[in-house]
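A short write-up of the structure that comes next.
The values are calculated or read from the model by the stated rules, or taken from the named source; none is laboratory data. What you see is a predicted model; the values in this text were computed from it and never measured. Positions of Cβ are generated from backbone atoms using ideal geometry, with glycine treated the same way; all protein chains shown enter the neighbour counts.
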Amino acid sequence: MADLFVAGGIVTALEDAAIAVGRLDASLAGNPLRRAWTFWSELDTARRHAEADGRKVDLFRLAAHLHGLPLRLGDTASAPERGREIAGLNYAVWLRSWMAAPDPEQQHLRDIALDSLRNCGGGQSALVATAQGMLAWLAGQGSRPAIRAAVPLYLRDRAITIHTLAAITGGDALRAGPDDPDGFTVRFLDAVQREAADGRDLLLTMEREWRGARLRVDHRAGARSNSRLPAAVDLLAASPLLSISALAEALNCSVEGASRMLETLVQLEVAAEITGRTGRGARRLYGLRRLLPIRAETTAVRRRARGGQRGRPKRVLIPPFAGLVDEPRAAEVTPDAEPAEPARLAAVSFDFDALDRLVAAADERTRGVRRLLDRIARGEKPFLPDDGTDEP
């Protein structure tokens with residue numbers, strides 16, 4: 001029983017972290033938004049890890065960069081500043097690949113890190129064992145990305161979680177650097193608690209937006225039981241970003257019909273076209289209104305309403321995934337109050353395999369960016385004549 005002893009200073013942090021992780025994992029069970037949540041949590045986790053490693057990047061610019069959208073550059077930014085930002089974005093894309101689409105070398109290092117955690121986990125609670133295993137790995141000069149990517153896998157391996165929670169890495173504990181084991185363990189548990197709470201807040205925000213969009217579309221559809229707009233909203237909510245052709249394939253309708261549905265959702269202020277592209281053959285991507293700030297980060301031409309002011313629209317800065325308030329009294333809730341669990345919507349029957357293809361396409365985008373960077377590093381031409389994998 002001596003191996004099961006936990007120091008008194010760790011008990012409270014362990015309890016808080018375990019409760020937060022359990023609540024997040026339970027909220028994702030059977031949730032149709034899990035795939036979209038996984039994508040955005042991987043992206044935000046990569047952003048946080050890049051910041052912890054000294055490279056600060058913006059989440060929405062990272063999303064645009066990952067999808068191959070041209071980024072807007074500030075007029076006052078110098079060439080070195082632009083170069084540092086692109087390097088930071090590429091670094092964040094590389095960090096995400098450890099979780100989403102690891103190459104053989106990353107897979108090998110991640111497996112070694114996972115085995116290291118397993119070897120350090122005997123006789124301890126899973127979260128405490130993870131902290132001690134991470135500290136031992138770093139003491140041996142192990143790779144930071146490898147151990148951070150191994151933590152969610154280890155927690156699932158120990159049956160602490162049902163899902164692989166990419167957001168749970170304890171990466172913020174690495175900011176101050178390791179000191180005494182108990183001090184690092186507390187910092188790790190505090191970081192896990194914050195990551196799990198932020199992950200659940202993101203999921204609740206996505207559910208609130210989904211609920212509000214469905215209510216508006218259901219009111220628009222009225223008594224038409226054959227309307228596909230509710231199903232389109234469900235697919236938009238459950239996918240990272242959606243193209244017209246992907247929606248047409250998922251709903252088994254024509255591309256023209258899918259385009260009309262998306263335009264209707266844009267007019268209802270439910271969805272947003274975040275690429276700013278126009279014309280036939282343009283690769284346009286759509287998402288719910290929460291993702292509209294991505295459009296402000298691209299260099300695509302903005303369409304100006306007739307009679308409106310000239311020039312680029314004024315950029316409105318909002319925090320990533322800011323909570324959506326859909327009732328006037330919701331803003332009056334005290335910060336310490338527990339957010340109410342939104343009513344779960346009945347899942348609309350459509351092919352969720354389309355979501356797997358969308359996520360796979362995003363992973364392939366990550367591989368394409370890495371291939372492009374490797375060719376540039378070797379001094380070769382960025383694009384090969386017959387290479388179509390890196391095209392946006």
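Overview of values
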quantity	calculated
Boolean, Ala17 is in a helix (DSSP H, G or I), touching an Asp or Glu at 6+ places or on another chain (Cβ under 6 Å) and either under 26 Å from Leu285 (Cα atoms) or modelled with pLDDT of 90 or more (or both)	no
Of residues in the range 131-164 being small (Gly, Ala, Ser) and not in a helix (DSSP H, G or I), the one nearest to Leu43 (Cα to Cα)	Ser143
Test result for Ala113, touching a helix residue (DSSP H, G or I) at 6+ places or on another chain (Cβ under 7 Å) and within 30 Å of Val11 (Cβ to Cβ)	yes
Which listed residue, of Asp180, Asp201, is at pLDDT below 90 and over 17 Å from Glu15 (Cα atoms)	Asp180
Filter result (touching a Phe, Trp or Tyr at 6+ places or on another chain (Cβ under 8 Å) and crowded, with 22+ Cβ neighbours inside 10 Å) within the range 34-56	Trp40, Asp44, Ala50
Residue among Leu235, Leu247, Leu241, Leu262 that is at pLDDT below 85, of a type in the set (A, V, I, L, M, F, W, C) and within 22 Å of Arg290 (Cβ to Cβ)	Leu241
Some residue of the range 62-82 being under 17 Å from the mean Cα position of the chain (by Cα) and of a type in the set (Lys, Arg)	no
When residues of the range 259-273 are limited to those that are touching a residue at least 24 places away in the same chain (Cβ under 8 Å) and assigned to a helix (DSSP H, G or I), the one nearest to Tyr286 (Cα to Cα)	Leu262
Flag for Ala63 being within 22 Å of Arg371 (Cβ to Cβ), modelled with pLDDT of 80 or more and in contact with a Pro (Cβ under 9 Å, 6 or more places away or on another chain)	yes
Lone qualifier among Leu73, Leu62 - being within 19 Å of Ala296 (Cβ to Cβ), outside any helix (DSSP H, G or I) and not assigned by TED's automatic domain parsing to the domain that holds Gly287	Leu73
Output for the range 136-169, where each listed residue is in contact with a Leu (Cβ under 7 Å, 6 or more places away or on another chain) and among the basic types (Lys, Arg)	Arg144
Residue match in the range 246-257 (condition: among the polar types (S, T, N, Q), part of a loop (DSSP other than H, G, I, E, B) and surrounded by fewer than 19 Cβ atoms within 10 Å (Cβ to Cβ))	yes
